[in-house]
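Asker: Quick one: the structure is below, questions incoming.
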Amino acid sequence: MDIILLGPPGAGKGTQAQRLERTRGMVQMSTGDMLRQAVKVGTPVGLKAKAVMEAGELVSDSIVSALIGERLDQADGTGAIFDGFPRTGHQAQALEILLGERGRKLDRVIELEVDEEALVERITGRFACANCGASYHDRFKLPQQEGTCDVCGAHEFKRRPDDNEQTVRTRMAEYRAKTAPILPYYEERGLVRRVDGMASVEEVAATIDGILDDPGSLSR
Ligand code: AMP
């Protein structure tokens, strides 16, 4: 099953994608994570993307589409969870082609609906385990034992450089201008299911599970 999680930055796409990886053996395909890794390693893609990401703007369609193509060829798993991709109409078309070339097609687009103002608080408070990437939040989800990752026990944590208010506002504006307009394209094909992204992580997870477990709602 191949699905897209769609929603503005901070809507909870990464958290839900990580959970679906754990519970269903699906593979999270986050272009943001791939780009951050490229920046860290200093690859040619990383060098190009760094400043664009720090400004909260979008990296070129050809770069991110190529990253997804490579990832699709490596991944096994029971299906892909596209997280942060596609973000433009061109990327949506590219995804269609990339999946088609591999005999696959999109099963669901799950839109996480959120209140943008609340997102700023969510995003500026978030951090992650530097070792395994598990997500935490200053207010909503601290590690059970202070300074120790619940999942892997590591003691180092990291924050994203683009999780500051000014960059978040630009990222939201990019979402409204370039990503939200791709929804009607998926709506016409009956693929979109909406989820209240302001509910708790567990409630959102349960709603997503209900959508994925409803065979009647799958269009394959
Ligand atoms: P994310 O982790 O999804 O919030 O992405 C972080 C940043 O990486 C974004 O603000 C963009 O600069 C860049 N990025 C991630 N995915 C894409 C994409 N599909 N298209 C263009 N830029 C992207």
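The values are calculated or read from the model by the stated rules, or taken from the named source; none is laboratory data. Since this is a predicted model, take the numbers as computed values, not measurements. So basically every Cβ, Gly included, is an ideal-geometry build from the backbone, and we count neighbours across all protein chains shown. These accessible areas exclude ligands, DNA and RNA; they are computed on the full protein's heavy atoms, side chains included. Shrake-Rupley method; radii C 1.70, N 1.55, O 1.52, S 1.80 Å.
Asker: Over the residues of segment 68-218, compute the C-alpha Rg and express it relative to 2.2 N^0.38 Å.
Answerer: So segment 68-218 has a normalised radius of gyration of 1.17.
Asker: With +1 on each Lys and Arg Cβ and -1 on each Asp and Glu Cβ, and nothing else charged, work out how big the dipole of segment 102-220 is about its Cα centre, in Debye to the nearest 20.
Answerer: 680 debye
Asker: Using +1 at the C-beta of Lys and Arg and -1 at the C-beta of Asp and Glu, which of Cys152, Gly190, Asn131 has the Cα lying farthest in the positive direction of the dipole of segment 109-209?
Answerer: Value computed over the given set: Asn131.
Asker: A further question on this structure: Past 20 Å, Cα to Cα, is the threshold; run Lys48/Lys158; Lys40/Lys178; Lys13/Lys141; Lys141/Lys178 against it and keep the listed order.
Answerer: With Cα atoms farther than 20 Å apart: Lys48/Lys158; Lys40/Lys178; Lys141/Lys178.
Asker: Separate question: Heavy atoms of the protein only, probe of 1.4 Å, neighbouring chains included. What is the accessible area of Tyr185 in Å², nearest 10?
Answerer: Looks like 80 Å² after rounding.
Asker: Hey, any idea what % of segment 74-134's accessible area is carbon plus sulfur with a 1.4 Å probe?
Answerer: Summing carbon and sulfur atoms, their accessible area is 48 percent of the total for segment 74-134.
Asker: What FRET efficiency, computed as 1/(1 + (r/R0)^6) with R0 = 25 Å and r the Cβ-Cβ distance, is obtained for Met1 and Ala180, rounded to the nearest 0.05?
Answerer: About 0.55, to the nearest 0.05.
Asker: Which sequence of Phe127, Phe140, Phe85, Phe157 reflects their accessible areas, 1.4 Å probe, from the largest down?
Answerer: The residues order as Phe140, Phe157, Phe127, Phe85, largest area first.
Asker: Given charges of +1 on the Cβ of Lys and Arg and -1 on the Cβ of Asp and Glu, with all other atoms neutral, how large is the dipole of segment 26-65 about its Cα centre, in debye to the nearest 20?
Answerer: It works out to roughly 160 debye.
Asker: How big, in percent, is the set of alpha carbon pairs in segment 15-84 lying more than 20 Å apart?
Answerer: Value for segment 15-84 (Cα pairs over 20 Å): 32 percent.
Asker: Heavy atoms of the protein only, probe of 1.4 Å, neighbouring chains included. What is the accessible area of Ser62 in Å², nearest 10?
Answerer: 80 Å²
Asker: While we're here: What is the magnitude of the charge dipole of the chain about its Cα centre, with +1 placed on the Cβ of each Lys and Arg, -1 on the Cβ of each Asp and Glu, and no other charges, expressed in debye to the nearest 20?
Answerer: That gives the chain a dipole magnitude of about 480 debye.
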